1. I'd like the antiparallel share, as a percent to the nearest 5, of DSSP beta bridges with both residues in chain A.
2. In degrees between 0 and 90, to the nearest 10, how far off the longest principal axis of chain A does helix A:168-183 point, with axes built from Cα atoms?
3. Taking a label point 7 Å from Cα toward Cβ, how far is A:Gly28 from its twins in the other copies, in nm, shortest first?
4. Take the stretch B:186-340, drop everything but the C-alpha atoms, weight them equally and run the Debye formula without solvent; then report log10 I(q)/I(0) at 0.10, 0.11, 0.15 Å⁻¹ to two decimals.
5. What's the angle, to the nearest 10 degrees (0 to 90), between helix B:232-242's Cα axis and the longest principal axis of chain B?
6. Of all beta bridges DSSP finds with both residues in the protein assembly as shown, what is the antiparallel percent, to the nearest 5?
7. How many times 2.2 N^0.38 Å is the alpha carbon radius of gyration of the stretch B:130-242?
8. Using 7 Å Cα-to-Cβ label points, what is the A:Leu223/A:Ser90 separation (nm, one decimal)?
Protein chains: 2
Amino acid sequence: MRPTVHDIAAAAGVSLATVDRVLNQRPGVRHVTREKVETAIRELGYVRDVAAANLAKGRTYPLVFILPASDNSFMHGLNAEIRQAIVRSSAERTDIRTIEVPAFDPAALVAVLEGLSREKPCGIALVATDAPDVRAAVDRLVRERFPIVTLVSDLTGSLRHHYAGVDNIAAGRTAARLLGRFLGPRKGEIAVLAGSMLVRDHRERLEGFTAVIAEEFPDLAILPVLEGRDDPEVAHRLVADALGNAGIIGVYSLGAGNRGLIRALKEKAVDRVLTVIAHELTAHTRAALIDNTIDAILNQDAGHEVRSAIRVLKAKADGLAVIEAQERIRLDIFLKDNLP
Amino acid sequence: MRPTVHDIAAAAGVSLATVDRVLNQRPGVRHVTREKVETAIRELGYVRDVAAANLAKGRTYPLVFILPASDNSFMHGLNAEIRQAIVRSSAERTDIRTIEVPAFDPAALVAVLEGLSREKPCGIALVATDAPDVRAAVDRLVRERFPIVTLVSDLTGSLRHHYAGVDNIAAGRTAARLLGRFLGPRKGEIAVLAGSMLVRDHRERLEGFTAVIAEEFPDLAILPVLEGRDDPEVAHRLVADALGNAGIIGVYSLGAGNRGLIRALKEKAVDRVLTVIAHELTAHTRAALIDNTIDAILNQDAGHEVRSAIRVLKAKADGLAVIEAQERIRLDIFLKDNLP
DNA sequence: GATTTTTTGATTTACGTACATCAAAATTGG
DNA sequence: CCAATTTTGATGTACGTAAATCAAAAAATC
């Protein structure tokens, strides 16, 4: 049986009230007494029963999710997962609110973050736009003891407690190796379609991709990046244009908005042997994988990311440890054979 | 605020005691009264607060894990994960016991299962040996209302509540496509190293593998399966012998015990261009992936499987729903770039 | 209609923790 | 040494549920 507050009180030779004062850092405990209690806690290996504590406190975990207002399948999926989490919130004692901010707008994000320090949520998850101001705002909140996790796109160098997303450099490298190996001995050019080079995750994917191609597949030449702004129309036009180049033998689509890409491929490349790697499993990319328009899809599971962010924020709010391996967001690689 | 038993009592116009009798299926409630209460429960959307209930009951979840006594890295890893879960057990209110049974021995497994119906654990997880007797024993336990999940290897056609493991047919198919695509236009023979064709997961992987090779890669011929019994020595000898065949251009190792395979490859195939796909990420296979001896590793995360099995068993014991997407065990594909 | 049986209500204690109150004790300052 | 202050103890209530007891009411039986 795990020890209770009563056991601590008995072991430390103090009353329950004093143990309570120490545990909940209430004032009015002499230093020596506090030490005695803390020793007892350590020696008995006491861990607060969070369920009982939450019951007594009637505690809920007010959490805030800050998301960019981007209209693409991935963000829609992420939103849907958050809504699912909201449905579960009474059972999980969470109270989740989402805030939409204009995409790629550091100032707007900073404004929202500043506002939160007054609202006092017990945890914040944000899809970070990578900018010094954002980093500063996040660091400030962390110093004010708000648990913060970045979601999908990280803010390296900041003090955020955790990142719930995939390693995008690894994702880019993996895409490069898959493409290189699938192409085998063929020589030619590779088109890269991104959303915007202003987003950290896209930059990182490209960085990993070009590194591996350069190191290990010297017969492949990467063409200048097409920035489709994650917009189907723009992407379609860019890819359709690019396919005029007969030297292209492979495509890496590292952003969202694959609808345009897929349409362009179906119009312009039915008769060509192209190897295509794309990111994010959606209804469109899934269909394209099945009909062989796309050869592999790299994916991050939005549901896992959301659930992980919530678990981590709750744990941080309670000062508890997390199971690291459980919170690592994995890069899913889907071929047509292992689709969920 | 979610409704409590008090709200139910008020809504149904009965006392708290009656609500309790209905909720905990205690006797002494007239049919009409029970209906009234059940209606109120439905209408208010009452869900028992499991944390409070467990607190009141002082409940723990006695769980039993039945594992084969196999001496390979994967089973060691699985054991380690269960030990981790045991460390967490006081916080999670679980009380986990493992039972080792001789591998590939249906009779022994059945004997253990029969013994459990007297012990009354509140959930059972087992690595199933696929045999009619085992299926019958499992079905019997399910009928006696024991929550049961299969772990790693499923028991299709049985009444088990859940399978915490990967889709092995999909795994085999994925391996085939990776191998086929990596080999590109090359023609040649493929060696397959398995543990034993008596285990369902190995059979299924082979089935998926041969199906895709046959359908889509007609230039590749699969050689008769080498059964290494997941033993490094046996595997080493078999693979070393097989590599005498100069027509082999690819290897699929679908079982555990890759140490022998890796040693054989390093001894006999340094000068050859072999594409190798293996299962299970271990220290050995990881090193081999990094030094290019292996080209891709398919993996199932034992930690996820164990945690998932525990979550599902607890939920079933409480009659609660699980988050399906969360409990799906994914097939991890590792290239050297996305290693964890 | 009286008796037995079944059903229901009222009440209490418990789980482990949080939090508040009031009194008692110990410590500090002058 | 007394007063003021700080520290500690004792105690009670609450959270939502489980489980038990005993009395009261209702229903079923004869």
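1. Details: 3 of 38 bridges.
So the antiparallel bridges in chain A amount to around 10 percent.
2. Tilt relative to chain A: about 30 degrees.
3. Values, ascending and in nm: 4.4.
4. Evaluating at q = 0.10, 0.11, 0.15 Å⁻¹ gives log10 I(q)/I(0) of -0.41, -0.48, -0.81.
5. Long axis of B:232-242 versus the principal axis of chain B: about 40 degrees.
6. 10
7. Against the empirical 2.2 N^0.38 Å value, I get 1.30 for the stretch B:130-242.
8. Roughly 5.5 nm, to one decimal.
Each reported figure results from applying straightforward, stated rules to the coordinates on display, with no laboratory input. For clarity, every value in this text was computed on a predicted model and none was experimentally measured. Positions of Cβ are generated from backbone atoms using ideal geometry, with glycine treated the same way; all protein chains shown enter the neighbour counts.
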